[in-house]
Amino acid sequence: LLERLVYDDQSTILDPTFIQDFLLTYRVFIEKPQYITTRLQEWFEKLSLAQQSNTSTTLSPQSFVADTDFQTLNLKKRIYRIVLEWITNHFNDFENNKELYEFLEHFQEILGKEKMQEQFKVLSIAISTKSRPRTITLARSKRDEQLQFNIQGGWEKGYGIFVSRVDKDSKAYELGMRRADQILDVNGQSFQHIQLSNAIDILKQFTHMSITLKYNPIGFN
């Protein structure tokens, strides 16, 4: 069934809603969705390597052989469409799973490296549109304790405040803070139109923070 997601032949014409049906029902027969993202990422990267070396590759022993750049690019675009369809119709899968969030971040990086700029932009817009604000509560033992994340942006540059890095072994990461999260407010104070230095001062003055975040890669990028 996974191979059929990517295997693009005449059967697709007979079953045009296969991708949608798969994404709607995969929870019945696949325990962890990251199994799907791992396979999709592996296939995409194998196709990229094949395209770079101008050699053929197979997705699996029984699957399609990509023997031309055109066919390879079409398969890469098909994998992208699967991810886009998943985000568009089932984004709650990603919001509730840290590993799927990491896949989205990595897949965007891959699209950038592959110079698939149009796909990169559409995917980022879809993610930013579907993402909903969420609130985490972060506590520190004392005010001079180092923050577990970095921020960038600021109203002086015409941007909001964005998380640029999160320590992966930190409480912030465990609670769901991610790179490319936009900070909307902290303890009721809006971060929508604030300078970076003021945002840092506010974050440092509290030991307990209620932080409202929204995953916004299009704004971050």
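The values are calculated or read from the model by the stated rules, or taken from the named source; none is laboratory data. It should be emphasised that the depicted structure is a prediction, and the values quoted were computed from it without experimental measurement. Cβ coordinates were reconstructed from backbone atoms using ideal geometry, including for glycine residues, and neighbour counts include every protein chain displayed. Ligands, DNA and RNA are excluded from the accessible area calculation, which covers all protein heavy atoms including side chains. Shrake-Rupley method; radii C 1.70, N 1.55, O 1.52, S 1.80 Å.
Things worth noting here:
- Residue that is surrounded by the fewest Cβ atoms within 10 Å (Cβ to Cβ), among those in the range 87-105 that are aliphatic (A, V, I, L, M) and within 8 Å of the chain's Cα centre (by Cα): L100
Residue by residue, here is whether (1) among the acidic types (D, E); (2) at pLDDT 95 or above holds:
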site	(1), (2)
E156	yes, no
K168	no, no
G176	no, no
A180	no, no
V186	no, yes
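- Residues that are at pLDDT 90 or above, assigned to a loop (DSSP other than H, G, I, E, B), closer than 23 Å to N97 by Cβ and of a type in the set (V, I, T) are absent from the range 18-26 altogether.
- Taking the range 160-200 as the range and being more than 19 Å from the chain's Cα centre (by Cα), of a type in the set (G, A, S) and outside any strand (DSSP E or B) as the test, the residues that pass are G160, S170, G188, S197, A199.
- Restricting the range 143-154 to residues that are buried (at least 17 other Cβ atoms within 10 Å of the Cβ) and part of a loop (DSSP other than H, G, I, E, B), the residue that is modelled with the lowest pLDDT: Q148
- Residue within the range 171-178 that is open to solvent by 40 Å² or more (accessible area, probe 1.4 Å) and not charged (D, E, K, R) present: yes
- Tally, over the range 106-120, of residues that are within 17 Å of T38 (Cα to Cα) and open to solvent by 50 Å² or more (accessible area, probe 1.4 Å): 2
- Selected residue [outside any helix (DSSP H, G or I) and open to solvent by less than 80 Å² (accessible area, probe 1.4 Å)] from L203, L138, L123: L138
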